[in-house]
Each structure stands twice: as structure tokens, then as C-alpha cells.
Amino acid sequence: MKLMTINGQKATISYDKDIDMFRGEFVGLNGEADFYAKNMNQLHEEGMVSLNVFLDMCKEDGIEPFKNFSGKFNVRINPELHADIVAAAKSKGESLNQFVAETLQRATQA
């Protein structure tokens with residue numbers, strides 16, 4: 001899957017071969033807002049329409065449109081991987097939190 005940013009909001013993009021269209025779905029919203037089109041330019045346009053409709057509906061209903069993220073989350077991994085990550089962090093002189101945050105930051109910039 002790929003990401004597209006529309007008016008500052010990220011959306012995942014996939015291709016639905018059954019209907020021969022691209023599908024976008026916004027992430028980080030307090031509800032679902034998706035959109036479809038035959039090509040990327042149309043998809044971007046449809047995304048703007050979908051986002052505006054979603055934001056207008058939230059405003060009408062008095063709902064906060066965006067999810068709030070605390071900056072904390074739990075990850076369940078096997079104990080061996082946990083130990084390897086701790087060792088990798090220590091070898092770089094970093095805390096586990098620092099190491100994981102920097103690794104995730106690099107992964108999201110790819």
C-alpha cells in the first residue's frame with residue numbers, strides 16, 4: 001500500500017482489481033472516509049471531496065473529526081526479539097524508547 005496526503009491528511013491507497021479502481025482511505029479520522037477513482041489525479045480530487053464531506057458532517061454533528069494519539073502504544077513481540085532490540089539500543093548508547101522511536105521514524109520516511 002502507498003500513502004497519499006490530501007489537505008494535510010494521510011490516506012492509504014490500494015488497487016481493487018475487482019472493480020478496476022484505486023481506493024483511498026483516510027487514516028487518523030474519528031470515522032471512515034474512503035474514495036475511489038480510475039487514476040491518481042482523479043483519486044486526489046475524490047479524496048478532497050470525501051475529506052470535505054467528512055469534515056462538514058463532523059462539524060454539523062459537533063464531533064471531533066481527528067483521532068487523538070497519546071504517543072504511547074504497546075507492542076507484543078517475542079522475547080528473543082525484545083532482547084535483541086535492547087542489545088542494539090545499548091550498543092548505540094540509546095534507551096530502548098529512543099532506539100525504537102528513531103527506527104520507526106526512519107521506517108515512516110521510506
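The values are calculated or read from the model by the stated rules, or taken from the named source; none is laboratory data. Bear in mind the structure is a predicted one, so any value in this text is a computation, not a measurement. Don't worry about glycine lacking a Cβ; one is built from the backbone with ideal geometry, like all the others, and counts go over all protein chains shown. What goes into the accessible areas is simple: the full protein's heavy atoms, side chains included, and nothing from ligands, DNA or RNA. Shrake-Rupley method; radii C 1.70, N 1.55, O 1.52, S 1.80 Å.
Peptides 84-94, 65-75, 20-30 ordered by packing proxy, namely the average of other Cβ atoms within 10 Å per residue, highest first: 20-30, 84-94, 65-75. Distant-in-sequence amide contacts of Ala33, defined by a placed amide H-H separation under 5 Å and a gap of 5 or more residues or a different chain, comprise Phe26. For the chain, the tally of Lys pairs with Cα-Cα distances below 26 Å comes to 13, considering only residues 8 or more apart or on different chains. Rolling a 1.4 Å probe across the protein heavy atoms gives the chain an accessible surface of 76 Å² per residue. Listed values for the range 83-94 are Karplus-derived 3J(HN,Hα) couplings in whole Hz (6.51 cos²θ - 1.76 cosθ + 1.60, θ = phi - 60°), namely 4, 5, 5, 4, 5, 5, 5, 4, 5, 9, x, 10, and x replaces Gly and Pro.
For the chain, the dipole from Cβ point charges (+1 on Lys and Arg, -1 on Asp and Glu) about the Cα centre works out to 560 debye, to the nearest 20. Once you have the Kirkwood Rh of the chain from its Cα pairs, apply Stokes-Einstein at 4 °C and 1.567 mPa s and quote D in µm²/s. It diffuses with D of about 77 µm²/s by this estimate. By accessible area, using a 1.4 Å probe on protein heavy atoms only, the chain has 53% of its surface on carbon and sulfur.
Ranked by the mean number of other Cβ atoms within 10 Å of their residues, highest first, the peptides 33-42, 98-107 fall in the order 33-42, 98-107. Helix 40-61 and the long axis of the chain differ in direction by around 90°, with both axes built from C-alpha atoms.
Remark on Met21: its backbone amide H falls under 5 Å from those of Asp16, a criterion applied only to residues 5 or more positions apart or on other chains, H modelled at 1.01 Å from N. When the chain is described by a simple charge dipole with +1 on each Lys and Arg Cβ and -1 on each Asp and Glu Cβ, the residue from Ser91, Tyr15, Leu3 located farthest towards its positive end is Ser91.
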